[in-house]
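Taking it in order: structure first as structure tokens, then the write-up.
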Amino acid sequence: MSTETLTASLYRDMMVTGAAALGDKRQTVNALNVFPVPDGDTGDNMYMTIRSGCEAAEKNPESLCGTAFAISKGMLLGARGNSGVILSRIFAGLAKGLDGLENASIAQFSAAMDCAVSEAYASVSKPVEGTILTVLKDSASKASETAGKDFETYFSTFRKEMQASLERTPELLPILKEANVVDSGGAGLLCIVEGMDEALRGNVSSITAGGQNGTSGIDLDAFGPESELEWGYCTEFLLRLQSSKIDLAAFNEDIIRERLCAMGDSVVCFREGSIVKAHVHTFKPGEVLNACQQWGEFLTLKIENMNLQHREQIGKEEPKPSVSIPRKRLAVVTVASGEGLSNALTEAGADYIIEGGQSMNPSTAGFIEAFEKVNADTILVFPNNPNIVMTARQAASLYGKSRIEVIPSKDFGAGYVAIASVDHSDKDTDALVGNALQTIGGVTTGLVSRAIRDAHIGEASVREGDWIGIKGGEILSDSPSRNQAAAVLCGKLEAGEHEVVLVFYGCDVPAEEAEALQRELSAGYRMTEIILTPGGQPVYDYIIVLC
């Protein structure tokens, strides 16, 4: 059986099956990490991005272009990490190419894929060959030669060329060849295309909910027949505004926000096209849903009993209800993982900290929610990770209520020092941005983590299980001892030339061991103040910031 026309239902099945295929292999994609440390998250980021798109698509779509745009918008808001942002732009380009089409021929789909390539390349300020961009471009070009035949032939060619192009990426990008891996983004995209090809041939899969969306890990007995609802319900939804109910062009989503504020707290509400994303803590979620249905229909719904959430919190601390804050002139939003790191950033002057970081990249929607909560005319954003900068910028481009300036801090140290240097009394935003950019360029940060495989990178020969010290893209120390790796790293970073060295130790480091490192560094660098802080961060045993 051959397929000569792509319908909306088939496209949705192909996307869902592609997402499921990536979900099955995302840990394999994560492992394609240049550095042999457990911070690979490309597979997770791409999976969560495409899954958000699939969840936004209607189950019974009417048109191919409508389905493509719904998936694209869902991916836009759900995009995580650089790979997720690029993936969202690929399918945004595909949606643009399919605009106005009820169904698509192979020639039309091939032309739309050319749009996807262009959109992907345009999303990166300095495109690098040997990445997901090359893999997409090569396979789209090769497959276009089969335009005019059936979709099975098209995708078979697409899939084979993608595999071949992926295998060529180490020849185009020396760092991949040195690490003996292929490009992880290209590998993730191949998984998706393989799934799409399988669905095209009748092998349709579904996305499993997993622990995140199910009740796995929740103690249902925590709320029994005699329990009293203390915290209400965490209610989240995507609402598709309906032209049959409102004037889409004239409608202002502030009406929804005001209604939600009257019915609960912790309100977040923003609009992207005809979709409104909302979050509210309320004791009467049914009334919230009934009220909002006057403006549209729900695409997704999530209602959770916060008594259960409360029981799951570490330390059993009581959640504090959020309150609306008056609009301020300037606010700082940043990203961190670990209670100690978050506390340090708050003390430095951050107004809102998004939970996330390496291996836990926040989504575009997560940044937009943060922008809503700080309620400021100007918002400075410090991503503190090179894999989060694109997501922050994408969120900034979607948010029109404030001036958003993304300061591309690529590690915690740079972000921490720059945030501490922000002069909140200075009303010259351009000067604030210029100073922040200058500050992050002058901060040195070293990282210590454990190797998860043998590797030969540059002059370093790393063995699995060793601790390695990293600065930027270079391995500077390698030792069977965590503290020795940190001490050698400090020497390579010339810690003695600095007045202060901040050492944040991770969640897996015993306090006694960290204190021993502090004593060793203090003895070795007597003119330098060594400040030790429990960061609580995962992945990196030590984050060393030289000021």
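Things worth noting here:
- The stretch 340-363 - residue that is assigned to a helix (DSSP H, G or I) and touching a strand residue (DSSP E or B) at 6+ places or on another chain (Cβ under 8 Å) and, of those, most open to solvent (accessible area, probe 1.4 Å): 346
- Among residues of the stretch 183-210 being at pLDDT below 95 and of a type in the set (Val, Ile, Thr), the one that is least open to solvent (accessible area, probe 1.4 Å) is 207.
- Of the criteria (1) at pLDDT 90 or above; (2) in a strand (DSSP E or B), which one residue 294 fails: (2)
- Residue pairs whose Cβ atoms lie under 7 Å apart, sitting 6 or more positions apart in sequence or on different chains, and linking a residue in the stretch 183-209 that is in contact (Cβ under 8 Å) with a residue 12 or more places away in the chain and assigned to a loop (DSSP other than H, G, I, E, B) to a partner that is of a type outside the set (Gly, Ala, Ser) and surrounded by fewer than 18 Cβ atoms within 10 Å (Cβ to Cβ), are 201/152.
- Residue in the stretch 421-434 that is among the hydroxyl-bearing types (Ser, Thr, Tyr), more than 30 Å from residue 497 (Cβ to Cβ), open to solvent by 50 Å² or more (accessible area, probe 1.4 Å) and out of contact with any Gly (no Cβ under 6 Å at 6 or more places or on another chain) present: yes
- Restricting the stretch 154-180 to residues that are in contact with a Ser or Thr (Cβ under 7 Å, 6 or more places away or on another chain) and either in contact (Cβ under 8 Å) with a residue 60 or more places away in the chain or small (Gly, Ala, Ser) (or both), the residue that is nearest to residue 461 (Cα to Cα) is 176.
- Within the stretch 420-452, if we keep just the residues that are over 25 Å from the mean Cα position of the chain (by Cα) and part of a loop (DSSP other than H, G, I, E, B), the residue that is nearest to residue 330 (Cα to Cα) turns out to be 424.
- Criterion: part of a helix (DSSP H, G or I) and either of a type in the set (S, T, N, Q) or touching a residue at least 24 places away in the same chain (Cβ under 8 Å) (or both) - qualifying residue of 381, 417: 417
- Any chance residue 79 is of a type in the set (A, V, I, L, M, F, W, C) and in contact (Cβ under 8 Å) with a residue 60 or more places away in the chain: yes
- Some residue of the stretch 302-312 being modelled with pLDDT of 65 or more and open to solvent by 70 Å² or more (accessible area, probe 1.4 Å): yes
- Qualifying residue in the stretch 97-105 (condition: assigned to a helix (DSSP H, G or I) and either modelled with pLDDT of 95 or more or open to solvent by less than 20 Å² (accessible area, probe 1.4 Å) (or both)): yes
- Complete set of residues in the stretch 454-497 that are of a type outside the set (D, E, K, R), part of a loop (DSSP other than H, G, I, E, B), surrounded by fewer than 20 Cβ atoms within 10 Å (Cβ to Cβ) and in contact (Cβ under 8 Å) with a residue 40 or more places away in the chain: 458, 473
The values are calculated or read from the model by the stated rules, or taken from the named source; none is laboratory data. Source: prediction; values computed, not measured. Cβ: placed from backbone, ideal geometry, glycine included. Neighbour counts: every protein chain shown. Only protein heavy atoms, including side chains, enter the accessible area calculation; ligands, DNA and RNA are left aside. Shrake-Rupley method; radii C 1.70, N 1.55, O 1.52, S 1.80 Å.
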